[in-house]
Amino acid sequence: MPFDHCAECRRCCFVEADYPPLEITLTQKEKKKYGSICIETDCPNLGPTGCVLGDTKPFSCKLYPLAYNPASKTVHYDKDCPLMPEYVRQLKDAKSEASRHLASCKKEIVRLEKSDHKFLENNFEIDSDYFDLKRLPIAPLHKDTSE
């Protein structure tokens, strides 16, 4: 299970010295709930076994190590995330943890394309600036899979 390693690695919840703080992109709904979340060194929601927000953590955090480009409808990933080789390998199995993660993210992306497109644009802009992204070897997403 690749995500079991996240609580140990914690790379996505930590900002190295000499790097600017990372403002977590929030959806309109999340802004009402959290106001803002900024990682200056360690994420304020990072506990000893991972995120204390659990299933209610922001979508941009759930999406990581992936990043979605709404202009090209392509999915990218942070090349520095140690999970990615295993994640990409698991995508060959539709029942794997990585495939379930990607499917869940795609479902939320389709919803956000309609309800909060600005979030998707802002999130990709921040991810592009902050992470070393590489395109995930999958087909681009369609704007609306129900069409």
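The values are calculated or read from the model by the stated rules, or taken from the named source; none is laboratory data. Note that the coordinates shown come from a computational prediction; the quantities given were computed from them, not determined experimentally. In this analysis, Cβ positions are derived from the backbone assuming ideal geometry, glycine residues included, and neighbour counts consider all displayed protein chains.
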Task: Any chance F131 is modelled with pLDDT under 95, within 25 Å of C43 (Cα to Cα) and surrounded by 18 or more Cβ atoms within 10 Å (Cβ to Cβ) - done: yes
- [ ] Mind listing whichever residues of the stretch 16-35 are touching a helix residue (DSSP H, G or I) at 6+ places or on another chain (Cβ under 9 Å) and in a loop (DSSP other than H, G, I, E, B)?
- [x] Y19, P20, I24, T25, L26, T27
Open item on the list: It is to be established whether one or more residues within the stretch 42-56 are surrounded by 13 or more Cβ atoms within 10 Å (Cβ to Cβ) and of a type in the set (D, E, K, R).
Closed with: no
Task: Test result for S36, hydroxyl-bearing (S, T, Y) and exposed (fewer than 12 other Cβ atoms within 10 Å of the Cβ) - done: yes
Open item on the list: Looking at the stretch 76-97, can you tell me whether even one residue there is surrounded by 19 or more Cβ atoms within 10 Å (Cβ to Cβ), modelled with pLDDT of 95 or more and farther than 15 Å from F3 by Cα?
Closed with: yes
Open item on the list: Quick test of your reading of the structure: L66 fulfils all but one of (1) more than 19 Å from A98 (Cα to Cα); (2) surrounded by 14 or more Cβ atoms within 10 Å (Cβ to Cβ). Name the failing condition by number.
Closed with: (1)
- [ ] Take the stretch 1-37 and flag every residue that is over 19 Å from N122 (Cα atoms) and among the small types (G, A, S).
- [x] A7, A17
